[in-house]
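J.: Structure provided below as structure tokens; questions to follow.
Read-outs: derived from the displayed coordinates by stated rules, not from any lab. Predicted model, so just to flag it, every value in this text is computed and none were measured. For neighbour counting, all protein chains shown are included, and Cβ atoms are generated from backbone atoms with ideal geometry for every residue, glycine included.
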Amino acid sequence: MRLDNVSFAYRDTPVLNNVSLALPKAGAVCFTAPSGTGKTTLLRLIAGLEAPQKGAVTNEDERVAVMFQDNRLFPWLTAEQNVALACAGEDPLPFLEAVELTDARDKFPSQLSGGMQRRVALARALAFGGDLLLLDEPFTGLDNELRERVAAVIRERFAGGCIVLITHDPAEAALLDATVVPLTFPLSGTIEIG
């Protein structure tokens, strides 16, 4: 996955200006910057959810799983049903079990705490699988011990693939053994990873 001379702006506010980067095939990368500076826009470009206004985003047939900053759970579906949407016929229960939510399988999002909803969203991304996992603030609402356990699950499930973590907290990168890449916006030029 690579960006070549990508530019993107919201109206007259530039976020990326001729940015180039290449993500590794394996390992974890953490992009850090203060809140509201465009990290999510970068993630959306990598995921193919936004089109660059200039330049190109190239995906070499990599399957991309995304955990968004907002949980995007269907309120009329249970936790298990939300995860099942990404399972392609597999049993969703092991993914809920991996994020310690087996007992919440029959609960609707409105019956879950914010941290529990976050873990359902993560279970769904893990169930989707793929070569590239994009995580936007995945540890929001989780206490330190739970963060460590959830991070271990992410590392195990995406061993051999690439994980991109977006956060404003560089300490979270250590949870995924990620290479930290501090960003300043608007971004411009080549971003070196590693």
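J.: Rounded to the nearest Å, what's the spacing between the alpha carbon centres of the range 93-142 and the range 68-89? Just the number, please.
T.: 9 Å
J.: Which far-off residues, 5 or more places away or on another chain, put their amide H under 5 Å from the one on Val66, with H placed in the peptide plane?
T.: Counting only residues 5 or more places away or on other chains, the set is Leu134.
J.: Sorting check: for 79-92, 1-14, which peptide has the highest mean count of neighbouring beta carbons within 10 Å, and how do the rest follow?
T.: Packing order, densest peptide first, comes out as 79-92, 1-14.
J.: Largest first and in whole Å, give the semi-axes of the chain's equivalent ellipsoid, each being the square root of 5 times a Cα gyration tensor eigenvalue. Spell out each step's value before the answer.
T.: Values: eigenvalues 168, 55, 52 Å².
Semi-axes (√(5λ), whole Å): 29, 17, 16.
J.: Can you work out the Karplus-derived ³J(HN,Hα) for every residue in the range 66-77? Use 6.51 cos²θ - 1.76 cosθ + 1.60 with θ = phi - 60°, whole Hz, and x for glycine or proline.
T.: For the range 66-77, the Karplus curve yields 10, 10, 6, 5, 9, 5, 6, 8, 7, x, 8, 10 Hz.
J.: Kirkwood hydrodynamic radius for the range 75-129: how many Å is it when counted over pairs of different Cα atoms?
T.: Hydrodynamic radius (Kirkwood, Cα only) of the range 75-129 equals 10.5 Å.
J.: For the range 48-54, what does the Karplus curve 6.51 cos²θ - 1.76 cosθ + 1.60, with θ = phi - 60°, yield as ³J(HN,Hα) per residue in whole Hz, taken in order and with x for Gly and Pro?
T.: Working through the residues one at a time gives x, 8, 10, 9, x, 7, 9 Hz.
J.: Mind putting a number on the dipole of the chain about its Cα centre? Charges go on the C-beta only, +1 for Lys and Arg and -1 for Asp and Glu, and I need it in Debye to the nearest 20.
T.: Magnitude of the dipole: close to 400 debye.
J.: Work out the FRET efficiency for Tyr10 and Asp169 from their Cβ-Cβ distance, taking R0 = 22 Å, and round it to the nearest 0.05.
T.: On the way: r = 24 Å, r/R0 = 1.10.
That gives a FRET efficiency of 0.35.
J.: Ok, one more. Output the direction-averaged projected area (hull surface divided by four) of the convex hull of the alpha-carbon atoms of the range 25-65, in nm². Mind dumping the intermediate values first?
T.: Numbers: hull surface 15.1 nm².
Mean shadow area of the hull around the Cα atoms is 3.8 nm².
J.: Now, a different point. List the residues whose amide H sits under 5 Å from the amide H of Val180, counting only those 5 or more places along or on another chain, with H placed 1.01 Å from N in the peptide plane.
T.: Cys30
J.: Using only DSSP helix segments of four residues or longer, with each worth -39500 (n - 2.57), what per-residue ellipticity at 222 nm results for the chain after dividing by its residue count and rounding to 500?
T.: Counting only the DSSP helices, I get -8000 deg cm²/dmol.
J.: Using each residue's phi in the range 166-179, evaluate 6.51 cos²θ - 1.76 cosθ + 1.60 at θ = phi - 60° and report the 3J(HN,Hα) Karplus result to the nearest Hz, with x for Gly and Pro.
T.: After applying 6.51 cos²θ - 1.76 cosθ + 1.60, I find 10, 7, 9, 10, x, 4, 5, 4, 4, 5, 10, 6, 8, 6 Hz.
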